1. For residue A:261, work out the one condition from (1) more than 14 Å from chain B (Cβ to nearest Cβ); (2) surrounded by fewer than 21 Cβ atoms within 10 Å (Cβ to Cβ) it doesn't fulfil.
2. If you go through the range A:100-123, how many residues are at pLDDT below 95 and part of a helix (DSSP H, G or I)?
3. Just the residues that are in contact (Cβ under 8 Å) with a residue 12 or more places away in the chain and not in a helix (DSSP H, G or I), please, taken from the range A:124-156.
4. Only one residue in A:86, A:64 is closer than 23 Å to residue A:152 by Cβ and either more than 12 Å from the chain's Cα centre (by Cα) or in a helix (DSSP H, G or I) (or both). Which one?
5. Could you say whether any residue in the range B:151-160 is assigned to a loop (DSSP other than H, G, I, E, B) and under 26 Å from residue B:35 (Cα atoms)?
6. Test of understanding: among A:119, A:107, which residue is surrounded by fewer than 24 Cβ atoms within 10 Å (Cβ to Cβ), closer than 17 Å to residue A:163 by Cα and out of contact with any strand residue (DSSP E or B) (no Cβ under 9 Å at 6 or more places or on another chain)?
7. Would you point out the residue of the range B:31-69, among those that are under 25 Å from residue B:259 (Cα atoms) and modelled with pLDDT under 90, that is farthest from ligand 1 (Cβ to nearest atom)?
8. Of the conditions (1) within 16 Å of ligand 1 (Cβ to nearest atom); (2) modelled with pLDDT under 95; (3) facing chain A (nearest Cβ under 8 Å), residue B:144 clears all except one; give me its number.
Ligand SMILES: Nc1ncnc2c1ncn2[C@@H]1O[C@H](COP(=O)(O)OP(=O)(O)O)[C@@H](O)[C@H]1O
Ligand SMILES: [Mg+2]
């Protein structure tokens, strides 16, 4: 296990150095992430200017949900961006090389890219949390802070698992584009808002089918203590394990279908 | 997780290992261990039947049709420890597909494969510790990293200790001239440089089994020579090598055994020398003469059955003969009895002519003349 983590860090580190060769990239990506996510917040603020409350959620509470998304997105981009390279890797038969190295192929894929925009996300996300906690009215205790940290990490696990699962479609679709995974990611963006504003179908889809709501709405609700949503939110770590397991299983099944490419 | 994990072994324990290796694959054969074994190995690719153009693609989306393409068709292989085998066949014969199944990259459609006691596609990580693969057509280095960094990552994955690693690098430097390449990003290497770096990457961990799939493709003569002498060294140290190539000198310089496949089927499997003896019996000896000669009839008379050819300048003489009926010594003494010679050389039969015969369908039914040709069960 320790060896696995150490090697994963080594692989990511190598990618960091490779990417830092293009220093401009680093800054452009980090700043653009702050910009893109920042625009979302401005948009939220504009909505709440005209209506003070959405389904009982006030502005700063929604900002907290939003911060969950931004942070889990950031963690997954920073540490497991490689999932998004799967389509190209499979399509061009580049998995061959990974399969001949004595380290689990899944971990090699996940660590094959570093998304520096994740850094921008993290900075913005932490900023949002810091701003939000001052405006939402509940008392902070060490227990609640610990819960928050655990839930943020679990939320990232959900996002990583779902990214992996949807990107594994590449093994079946055989196209060099991650269109399917990208559409699902876009669908998951719905979880940036309290999901009670959606119809039943969407709520079920986003809770039970591809549980993107567990990377934001439910864990945020658990931190804010909000009824049934809170109970579900406490399940986030289990959901994370489930999603990661789904992703790993899809990868394993996909690998047995992998056909390399004709050479 | 690998399901089957025999104790890791080093090359020095080989003799002992014959009794320890997984029963599924090991068999003592002339005191040697069968390292690579395939029975009825088969791979079928499913290709989409698509009419060309956008309309074809759209129709394919609605109405999915596939046709099956058999790339490897029930191949039996049995390769002993330390053997150097040439795996030969025309383009599209199924060579690379076989190598990918043997190395665990592809899951066979049918059949069994065991390499060093493991099923490669089930125990991928453990398999990767024991085998090395080089694909001439594609690099296995990290594209964006300097060669040195790729090698260090591999060192960490394989858990090779520092001093051993340094020894390996020095070795690679002396045979492959690796030193100059270490600081270069893989993406910026020329083909020949890339191949040398790829060889180092695939052999860093001293694998027992090495698959080389067209390792000399597109290389210039000097790099080819380096690669060949490097592989020859590997073989002499006891590494089991399976070499795919279109370059017949590669085969002649490295391998003792040749396996020929065509359209996914095994066409020939035999000892290289035996193949040459049976199918390439003609040999040519060329002489440079001291004084120019008017005619070669007297020499021809001394060598019944041989063809004697004298160049028009009268100073270059070539004798072509069947090596089974005449010896080089007889030819030499017949020539010396008539003329003084300055220089001579013998053209060894090229495997090329055998392969040509096979491609022309002449060898189809003939198997054998070989020590290892029968599949072991
Ligand atoms: N990934 C793949 N998908 C579909 N067909 C393939 C694939 N790889 C190889 N083939 C086909 O299988 C046959 C054998 O290919 P290959 O093993 O690469 O031949 P060789 O290495 O002997 O030139 C060819 O007809 C090739 O087109
Ligand atoms: Mg090939």
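1. For residue A:261, the exception is condition (1).
2. 7
3. Passing the criteria: A:136, A:138.
4. Of the residues listed, the single one that is closer than 23 Å to residue A:152 by Cβ and either more than 12 Å from the chain's Cα centre (by Cα) or in a helix (DSSP H, G or I) (or both) is A:64.
5. Within the range B:151-160 (the criterion being assigned to a loop (DSSP other than H, G, I, E, B) and under 26 Å from residue B:35 (Cα atoms)), the answer is yes, since at least one residue qualifies.
6. Exactly one of A:119, A:107 is surrounded by fewer than 24 Cβ atoms within 10 Å (Cβ to Cβ), closer than 17 Å to residue A:163 by Cα and out of contact with any strand residue (DSSP E or B) (no Cβ under 9 Å at 6 or more places or on another chain), namely A:107.
7. Looking at residues that are under 25 Å from residue B:259 (Cα atoms) and modelled with pLDDT under 90, I get B:31.
8. (1)
The values are calculated or read from the model by the stated rules, or taken from the named source; none is laboratory data. Bear in mind that the values here come from a model prediction, so they are computed numbers and not experimental data. Methodologically, a virtual Cβ is constructed for each residue, glycine included, from the backbone with ideal geometry; neighbour enumeration extends over all protein chains shown.
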